[in-house]
Amino acid sequence: MGCRPRATITFHNERCQLADATSDDRASTSGRTAGGSLVALPLLERRPGSSRAVLRYACVDGKVRVMRPNEYGARDGDGAARRLDRAIGRAARKCVERAQHALLPEPSSVTNDYWEYAKFRFAQRIASSCISVFATQQMLTAVGLGASRTLPAAAAVNWVLKDGLGRLGKLSVAANFGRTFDSDVKRFRFTSSVVYDASSFIEIITPYFPQHFLALATVANIGKSVGITTANVVRAPIQRTFILEENLAEVAAKTSAQQVVADNIGLALAVGAASAMSKVATVRPAIRRALPVFAFGPLAALDLICIYKELKAVQLRTINKERAEIIAETFVKERKIPSRAQVANSERLLIPARLDKSNLPLSVTSIGEVCPTTKSLIKALSNKTGGASKRQYILAYEPGASKKRVILNGRRISAPKTDSNGKKKRRSLKFPWQSKRTGLKGRALLALGETASSKDVLCAILQVAHMRSLPYRPDLTAEEAYVWALQESDSLAKRDIDTFTNSLSEQGWNHERILLSSAERAPYSVDNVPALLDALRRSENVQS
């Protein structure tokens, strides 16, 4: 046969992937088989499915077929021991491949952050399973200790009552939160683990208070129902971030398989520890009851650390208020959009969010909170009649010391600062949000209109980020400084908003819909602005 040039053949679809062998050990080789001559071809195939091995094709008597396992690297002089070793190696590789197929999705179908998430989730499920076993053991012990009637009757009545009352927790979560989960899935997921572990601890200490079994068991069951329900409802949004081929069902199925394996490992470890302590318990029964109490601390710490690492690995593409503030803050300081990994690292999983403890936290709230007086509402709505302002939101600043609002909805904005004699005074102070003193700490208040777009929300958040970074102007009075700060941040936000949104798209952020909680979804609607202004002015005149 003549020398053939090496050609790379690549074929991608949902079923297979073909590629040329490029290394020397994959070069064409020839040998003999029972059916005739065999020529190994530099053609490989990888089939997603139960076996993820890379198959190799060969030419046998003019026919192309997949090489059999015993044909790989076969030599005429190989002894029985060498063939046995290769057979064992192939069997071990096949077992590993089967396990990978059963527990893990296709590597090319998920994002890179999935693997770190899966690693910590597996460890977290083992710790959680151990805690559940110890909690159940303690609950069964408490049922027997607290029974005033026969044990079967007491166990049945108490267990049914605590389960029935515990379902109220699941109902309250489903009825009261709803769309709020979507706005902050990470924080809700971490909080659910804290609630679940706290409820498990209540169950573990129940044998020490058997007379209060029903009360303790009900509280613990309500907490566990809340934790489980919360974890279940936020699982899908988290898993959706990993998919690359619309394979959410596959990721969910593999996650469930991993959970079963981890739960069984935790069950075996907990049962083994309990069995080992049962020998000691024959001498001192109190030791058996104390084992879950002492084991709870390390297991709960491992559980929360793993869930924290697991959620930190998740790189969400959606934008909520916290992520929008982190992105806007980085954009204002560095003139670039942070990556999803950087934002994930900056997010907080415990309440409050990171920027909620800044010197100018932003609150998205109702118009009644932003404009609590008729005068502030009149100022906020006055410019809407002239068409000069097309923004569908109202932004106000509330100084922490004076509790006065500064309405940012027009050119004439004022927040006068006077002394005891009513005279204006100059201060050599920083803006309240730049001060380290808690007493001067303020907050920004944002009310969204019914037709406010995601771009409007981003513009308001970008304006607050600019406001936090403005320099102090000692040449201005306090009133002038407030006016300048609000108007300057407004102009900077308008200048940057188009560049900001375009950069978000380039970085892969989904900014078409900003996720807000139910409390933040309180848009105001005004059908007739002049009529509303007339009513407000008449009301102000009557009161004066």
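The values are calculated or read from the model by the stated rules, or taken from the named source; none is laboratory data. Since we're looking at a predicted model, the values are computed, not measured. All Cβ positions, even for glycine, are placed from backbone atoms using ideal geometry, and neighbour counts span all protein chains on display.
Against the conditions (1) among the basic types (Lys, Arg); (2) under 21 Å from ARG323 (Cα atoms); (3) not in a loop (DSSP other than H, G, I, E, B), ARG521 satisfies every one except (3). Out of VAL219, VAL226, VAL195, VAL261, one residue alone is closer than 24 Å to LEU171 by Cβ, at pLDDT 90 or above and either assigned by TED's automatic domain parsing to the domain that holds VAL133 or in contact with a strand residue (DSSP E or B) (Cβ under 6 Å, 6 or more places away or on another chain) (or both). It is VAL195.
Check VAL226, VAL233, VAL261, VAL195 and return the single one that is more than 30 Å from GLN100 (Cβ to Cβ) and touching a Phe, Trp or Tyr at 6+ places or on another chain (Cβ under 9 Å).
Of VAL226, VAL233, VAL261, VAL195, the one residue that is more than 30 Å from GLN100 (Cβ to Cβ) and touching a Phe, Trp or Tyr at 6+ places or on another chain (Cβ under 9 Å) is VAL226.
Of the residues ALA465, ALA535, ALA460, ALA493, the single one that is closer than 30 Å to ALA341 by Cα, free of Cβ contacts under 8 Å to residues at least 40 places away in the same chain, in the same structural domain as LEU381 (by TED's automatic domain parsing) and in a helix (DSSP H, G or I) is ALA493.
If I ask for residues that are within 14 Å of PHE296 (Cα to Cα), in contact with a helix residue (DSSP H, G or I) (Cβ under 6 Å, 6 or more places away or on another chain) and of a type in the set (S, T, N, Q), which ones from segment 122-141 would you list? Across segment 122-141, the qualifying residues are GLN124, SER128, SER129, GLN138.
Is it the case that LEU470 is more than 25 Å from ARG187 (Cα to Cα), touching a helix residue (DSSP H, G or I) at 6+ places or on another chain (Cβ under 8 Å) and touching a residue at least 12 places away in the same chain (Cβ under 8 Å)?
Yes.
Candidates in segment 296-341 are the residues that are closer than 14 Å to SER128 by Cα and free of Cβ contacts under 8 Å to residues at least 60 places away in the same chain; of these, the one that is surrounded by the most Cβ atoms within 10 Å (Cβ to Cβ) is ILE305. Considering segment 476-525, the residues that are of a type in the set (Ser, Thr, Tyr) and more than 28 Å from the chain's Cα centre (by Cα) include one that is modelled with the highest pLDDT, namely SER491. Scanning segment 169-190 for residues that are aromatic (Phe, Trp, Tyr) and modelled with pLDDT of 70 or more yields PHE181, PHE188, PHE190.
Can you tell me which residue within segment 248-273, out of those that are of a type in the set (A, V, I, L, M) and surrounded by 18 or more Cβ atoms within 10 Å (Cβ to Cβ), is nearest to GLN137 (Cα to Cα)? Out of the qualifying residues, it is ALA270. Condition check for LEU350 on (1) surrounded by 14 or more Cβ atoms within 10 Å (Cβ to Cβ); (2) in contact (Cβ under 8 Å) with a residue 24 or more places away in the chain; (3) under 22 Å from GLU520 (Cβ atoms); (4) in the same structural domain as LEU462 (by TED's automatic domain parsing): one failure, at (1).
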